[in-house]
Amino acid sequence: MTPNDIAAKLAGLATKYHAGDVTLLAGRLLLSLIFLHEGATLATHFDAAAKAMAALGVGLPLFVATVALQLGAGLSIATGLLTRLGAIGLGLFCLATAMLFHTNFASQNELLHFEKDLAIAGGMFVLAAVGAGRFSLDRLVALYLHKRQRDKEMAAALLAVENHMWVGEVKLPI
């Protein structure tokens, strides 16, 4: 077997077993984990977290919106429901966080957080571009809506046929 034959066989197996979709699922779960964890931590320690954010100049409404975004968009990405929207929201959030809170590049820790936020934002934008994949609620919703549309079209076609099948007063069985 030549290397090209092996590569072709591996590509066929990857397609057969939906390796790309499994990879998207794993990536979605890994990306969402940091936001779900942080959002849950902020929500469970709400008073202390709100005070700490206020010390950084973040008011209560923005703090509540941050917790809601982290939990809502994190769940969106994890479940694959409205994935592109959640990914864009969290990608923009990461860019804003990097630009507003991690700009002291003299500190190695701040630089690391800045780079981490940029990397996560990049991953979110890639996810927004490719979508959630086969193993997602987005796909189930799309399949359901497609089936409903087919059912409506079938019902309309049957009604049209039925309305045109009258001969005198006798309806022909179809």
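To the nearest 0.05, what FRET efficiency results for R134 and A157 with a Förster distance of 35 Å applied to their C-beta separation?
Details: r = 30 Å, r/R0 = 0.86.
For R134 and A157, the calculated efficiency is 0.70.
What's the exposure ranking of I6, I34, I120, going from fewest to most Cβ atoms within 10 Å?
I6, I34, I120
Pick out the long, greasy-scoring helices in the chain: whole DSSP H runs spanning 15 Å or more along their own axis by Cα, mean Kyte-Doolittle at least -0.5.
Details: long enough: 3-16 (19 Å, 0.13); 19-44 (37 Å, 1.17); 60-79 (28 Å, 1.69); 83-101 (26 Å, 1.67); 108-130 (33 Å, 0.76); 137-163 (39 Å, -0.17).
Those that clear 15 Å and a mean of -0.5 are 3-16, 19-44, 60-79, 83-101, 108-130, 137-163.
For the chain, what is the relative contact order in percent, using Cα pairs closer than 8 Å and at least 6 residues apart in sequence?
Result for the chain is 22 percent.
Which lysines does K51 reach when only Cα atoms under 29 Å apart count, and residues fewer than 8 places away in its own chain are ignored?
In chain and number order, the partners are K116.
How do the peptides 85-92, 21-28, 43-50, 54-61 rank, highest first, by the average count of neighbouring beta carbon atoms within 10 Å per residue?
Highest to lowest by the protection proxy: 85-92, 21-28, 43-50, 54-61.
Note the direction-averaged projected area, equal to a quarter of the hull surface, for the Cα convex hull of the range 3-131, in nm².
10.2 nm²
Values in this text are rule-based calculations from the coordinates and carry no lab data. None of the values given here were measured: they were computed from a predicted structure. Every residue, glycine as well, gets a Cβ built from its backbone with ideal geometry; the counts of neighbours run over all protein chains shown.
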